1. Could you tell me the calculated FRET efficiency between residue 488 and residue 365, based on Cβ-Cβ distance and R0 = 30 angstrom, to the nearest 0.05?
2. Going by amide H atoms built from the backbone, whose H comes under 5 Å of the H on residue 117, apart from near neighbours?
3. Under 1.5 on a/c is rounded, so check that first for segment 125-239, then, if it is not, pick prolate when a/b is larger than b/c and oblate when it is not; a ≥ b ≥ c are the square roots of the alpha carbon gyration tensor eigenvalues.
4. Of the listed pairs 242/368; 165/333; 116/485, which have alpha-carbon separations greater than 20 Å here?
5. Describe numerically, in nm with one decimal, the distance between label points set 7 Å from Cα along Cα→Cβ at residue 236 and at residue 381.
6. Can you compute the modelled spin-label distance between residue 522 and residue 354, with each label point 7 Å from Cα toward Cβ, in nm?
7. What is the calculated FRET efficiency for residue 510 to residue 176, with r their C-beta to C-beta distance and R₀ = 41 Å, to the nearest 0.05?
8. Provide the FRET efficiency to the nearest 0.05 for the residue 196-residue 304 pair, computing r from the beta carbons and using R0 = 45 Å.
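The values are calculated or read from the model by the stated rules, or taken from the named source; none is laboratory data. Keep in mind the model is a prediction, meaning the values are calculated, not measured. No Cβ is skipped: glycine too gets one built from the backbone with ideal geometry, and neighbour counts run over all protein chains shown. When the accessible area is computed, the model is the full protein with side chains, heavy atoms only, and any ligands, DNA or RNA have been set aside. Shrake-Rupley method; radii C 1.70, N 1.55, O 1.52, S 1.80 Å.
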Amino acid sequence: MATLIRGKLSNKLTNAANAVSNKSQAKVSGMFARMGFQAATDEEGLGFAACDDLDYDHRQGMQMDIMTSDEMGGEGSGDGGTLDGDSHYQRDGTGPPHSTSKDGGLPDELSEVRPKITAWEAGWNVTNAIQGMFVLGLPYAILHGGYLGLFLIIFAAVVCCYTGKILISCLYEEDEDGQLVRVRDSYVDIANACCMPRFPALGGHIVNVAQIIELVMTCILYVVVSGNLMYNSFPNMPISQKSWAIIATAALLPCAFLKNLKAVSKFSLLCTMAHFVINVLVIAYCLSRARDWAWDKVKFYIDVKKFPISIGIIVFSYTSQIFLPSLEGNMQKPSEFHCMMNWTHIAACILKGLFALVAYLTWADDTKEVITDNLPSTIRAVVNLFLVAKALLSYPLPFFAAVEVLEKCFFNDGERTIFPDCYGGDGRLKSWGLTLRCSLVVFTLLMAIYVPHFALLMGLTGSLTGAGLCFLLPSLFHLKLLWRKLLWHQVFFDVAIFVIGGICSISGFIHSMEGLIEAFHNNVEE
């Protein structure tokens with residue numbers, strides 16, 4: 001009897017301590033959300049959504065275990081409700097709760113653990129994902145595509161907006177009452193559902209591989225663009241672009257010791273605002289030279305060899321699908337998701353088109369891979385230094401996300417993984433975990449040194465993973481999961497997007513690889 005009482009008291013105290021801790025964390029998260037830090041500010045849309053979900057699921061699972069043991073040890077299952085671990089959300093934001101307690105609902109402390117975001121905050125996430133610093137490569141795409149490149153910017157916006165919506169629709173199924181209920185939580189869940197019952201984990205592996213490739217390539221692009229910008233900012237210094245890339249990587253080595261991104265998050269919003277100011281400065285300079293714009297240089301022609309690379313560049317600038325399921329699941333009103341996607345992609349289409357056009361009209365055939373390299377030397381150094389700082393501060397976001405995926409797939413699932421856990425019982429990083437992180441940093445450096453071509457790498461990433469995650473997989477999953485409920489024009493759109501996306505992906509990948517292999521051989525010979 002005494003043991004039972006002590007057990008109940010211990011569980012109650014543990015519950016209370018965790019509740020207070022979760023409530024304080026919720027208040028801090030809410031404060032940052034009101035200040036604007038709730039939104040993920042990484043250009044590729046890979047900010048905190050996935051990493052925060054892992055941390056939240058861990059805390060939530062621990063809390064659920066405590067509540068379950070409390071009910072089983074104290075009062076049995078006679079009058080207590082069962083704990084449902086699945087997340088179900090209906091379109092109107094109602095529906096079954098995440099889990100139930102004795103009185104049929106979550107305690108107030110737990111309901112405040114995860115503050116929901118508004119449609120405006122969700123739009124801020126998507127805007128940062130598709131309006132990042134990689135728009136600096138869009139004028140180079142116009143150089144090789146002319147008016148067709150401008151059309152492709154519009155077309156990619158329409159298609160990516162549509163595939164983002166159909167991807168979210170794959171998260172839902174109708175219940176017995178005909179209401180839409182959220183039965184899946186992530187891109188991986190959708191992929192696994194499409195491959196069941198024969199290969200229940202194949203789809204998730206494909207998505208994870210694509211995600212890792214995109215994250216690592218994003219890290220490489222940050223190193224490449226940092227070396228490129230520094231070299232062109234100080235051309236008279238006896239330091240090569242490769243040497244600048246090595247210096248930038250040396251500054252990034254502390255990323256190997258990151259355990260969370262809280263410290264980096266404080267700078268992300270400032271970096272995004274600084275980048276917005278830089279875009280405005282570039283456009284203002286271009287407008288000041290409006291009298292010299294070369295309208296005759298913009299033609300209805302394409303460079304057959306290089307235009308497929310431009311397709312990859314444009315597609316890569318719109319990638320955001322990988323984090324949309326997490327974003328929609330954290331919205332206060334999921335029914336506003338479609339409207340949010342519409343205005344964010346319309347705004348992105350207009351701003352990207354104007355930026356690419358006015359920049360190309362200003363420098364015409366002299367347009368470089370990174371448009372800020374065309375600026376006069378008097379302001380180029382200042383602008384490029386801001387961009388380098390933004391690139392270096394943005395690097396930890398995709399790097400940390402890539403490490404999380406690798407550790408989860410190969411290190412963190414006990415007997416189901418190849419290697420042992422990267423963390424000890426005290427939470428400290430083990431030697432092989434640190435080796436994995438350092439190796440990833442060094443790998444990004446080696447790629448940046450041997451293939452220091454921003455446009456080629458961006459085009460390859462867009463053609464390989466961008467087209468796959470934004471065009472091919474969403475349309476394929478939509479047809480697989482919901483084909484019985486689709487109208488004929490929806491089936492036509494899905495098939496057309498899949499075919500067009502496949503053609504663009506294959507052609508862009510082939511031409512990008514040819515350029516990269518040629519560049520690699522040239523660098524090795526040097």
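1. So the FRET efficiency works out to roughly 0.05.
2. 331, 332
3. Since a/c reaches 1.5 and a/b is larger than b/c, the shape of segment 125-239 is classed as prolate.
4. Those over the limit are 116/485.
5. For residue 236 paired with residue 381, the spin-label model returns 0.8 nm.
6. Between residue 522 and residue 354, the label points sit 3.6 nm apart.
7. 0.25
8. With a Förster radius of 45 Å, E is 0.60.
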